[in-house]
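Contents: one structure, followed by commentary.
The values are calculated or read from the model by the stated rules, or taken from the named source; none is laboratory data. On a predicted model such as this, the values are computed, not experimentally measured, just so you know. Cβ placement follows ideal geometry from the backbone for every residue including glycine, while neighbour counts extend to all protein chains displayed. Please note that ligands, DNA and RNA were not included when accessible areas were found on the heavy atoms of the full protein model with its side chains. Shrake-Rupley method; radii C 1.70, N 1.55, O 1.52, S 1.80 Å.
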Amino acid sequence: MLTGISVAFMGGDARQLEVIQKFTELDASVTLFGFDNLGRQFSSVSNAKLDPVLLQTIDVLILPAVGTDDSGQVESIFSSDELRLTDVHISSLPKHAKVYTGMAKSYLKNLCAAHGIGVVELFDRDDVAIYNSIPTAEGALMMAIQNTDITIHGSVCMVLGFGRTGFTMAKTLQGLGATVKVGVRKPEHFARAWEMGFQPFYTKDLYPEVGNIDLLFNTIPTMIVTAQVITNIPHRALIIDLASKPGGTDFRFAEKRGIKAMLAPGLPGIVAPKTAGRIMANTLSQLIEEDFRDRSDVE
């Protein structure tokens, strides 16, 4: 239970609604900033304008999947007003307070560090990333089916990266009957991919490996699908880049060469917001409950 814990939600998308619902069920005191256009009503929840005075009593500040941009702006699909998190807001939080988000950019990290406020990034956690890899893979499949005239079964698919998302993506494609080539960097990933029946190769050999593919799914957040690599990709192929912005594909050159390339970060919140929200809600509630239990033990 979260009885006695004051939680503020600032901005977000449909995923946040699942988290808010969970927190009200756990008896937290909930305040919403940036939800003025929300049609849905929650019992015992306060809607308010972002005010430093209100933040003085907040134990937990929950931000969207990407906490802020590089200037402090917080996205919210439920408000037409601009939401900007500034030094004044963070300095108003009690010293024991924590900020929770999916991933924090330098702006947010530096702001919190300056005032001794802890930042917790959910997407750094293996459990959250693994759970989120499921709607990511399903969303990528949906995009592939909508943008090709072939079946996944019998196609030649390439997955770059064999981390948490790459692993699930490759396994899903294999389950649908595709031939799956997996680009890896580490020998242990090569061995595991081979053991699972994939066709592994090292990413340094990417150029010759793309010559026969139908679909390419990239999960590596650095420029790897370069202009040179794209020159060897068949025109029929589709590139779906699942890495965080700006992705790992030279989109300009792909368009110039007539190859369709799509950047698709944040698919869980787009294709399955309810499931993605429940993942965040369960993890957040567990973390906060443990954190405040430990803090009360010390006190």
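Assess whether T24 counts as being open to solvent by 10 Å² or more (accessible area, probe 1.4 Å), in contact with a strand residue (DSSP E or B) (Cβ under 8 Å, 6 or more places away or on another chain), free of Cβ contacts under 8 Å to residues at least 40 places away in the same chain and not in a strand (DSSP E or B). Criteria met by T24.
Take E25 and tell me if it is in contact with a Gly (Cβ under 7 Å, 6 or more places away or on another chain) and of a type outside the set (F, W, Y).
Working: in contact with a Gly (Cβ under 7 Å, 6 or more places away or on another chain): no; of a type outside the set (F, W, Y): yes.
For E25, the condition - in contact with a Gly (Cβ under 7 Å, 6 or more places away or on another chain) and of a type outside the set (F, W, Y) - is not met.
On inspection, D69 qualifies as closer than 17 Å to V120 by Cα and either assigned to a loop (DSSP other than H, G, I, E, B) or modelled with pLDDT under 95 (or both).
Go through D205, D291 for me and flag whichever is of a type outside the set (G, A, S) and without any contact (Cβ under 8 Å) to a residue 24 or more places away in the chain.
Details: D291 fails: without any contact (Cβ under 8 Å) to a residue 24 or more places away in the chain.
Checking each option against the conditions leaves just D205.
Picking from residues in region 30-54 that are among the hydrophobic types (A, V, I, L, M, F, W, C) and over 17 Å from D81 (Cβ atoms), the one that is surrounded by the most Cβ atoms within 10 Å (Cβ to Cβ) is V30. Scanning region 129-170 for residues that are surrounded by 21 or more Cβ atoms within 10 Å (Cβ to Cβ), under 16 Å from P268 (Cβ atoms) and of a type in the set (A, V, I, L, M) turns up A137, A140, M169. Considering only residues in region 212-257 that are over 19 Å from V184 (Cα atoms) and under 19 Å from the mean Cα position of the chain (by Cα), the one that is modelled with the highest pLDDT turns out to be P246. Of all positions in region 76-91, at least one carries a residue that is under 20 Å from D291 (Cα atoms) and aliphatic (A, V, I, L, M).
Every residue, every condition in (1) open to solvent by 50 Å² or more (accessible area, probe 1.4 Å); (2) in contact with a Leu (Cβ under 9 Å, 6 or more places away or on another chain); (3) closer than 15 Å to E138 by Cβ, yes or no:
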| site | (1), (2), (3) |
| --- | --- |
| I224 | no, yes, no |
| R236 | yes, no, no |
| D241 | no, yes, no |
| K245 | yes, yes, no |
| G248 | no, yes, no |
| F251 | yes, yes, no |
| R257 | yes, no, no |
| L263 | yes, yes, no |
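Residues that are within 13 Å of G12 (Cα to Cα), in contact (Cβ under 8 Å) with a residue 60 or more places away in the chain and more than 16 Å from the chain's Cα centre (by Cα) within region 60-96 comprise I77, F78, S79, L83, listed in sequence order. Just one of the listed residues (D81, D87, D124) is of a type in the set (D, E, K, R) and touching a helix residue (DSSP H, G or I) at 6+ places or on another chain (Cβ under 8 Å), namely D87. Search region 97-108 for residues being open to solvent by less than 20 Å² (accessible area, probe 1.4 Å) and closer than 16 Å to P52 by Cα, and hand back the single one that is nearest to the chain's Cα centre (by Cα). Checking each candidate, the answer is V99. Looking only at residues in region 220-260 that are of a type in the set (S, T, Y) and part of a loop (DSSP other than H, G, I, E, B), the one that is farthest from G67 (Cα to Cα) is T231. Scan region 109-128 for residues that are more than 17 Å from S244 (Cα to Cα) and surrounded by 17 or more Cβ atoms within 10 Å (Cβ to Cβ) and the total you get is 5.
Considering the conditions (1) farther than 28 Å from A104 by Cα; (2) in contact with a strand residue (DSSP E or B) (Cβ under 8 Å, 6 or more places away or on another chain), G177 is excluded by exactly one of them, (2).
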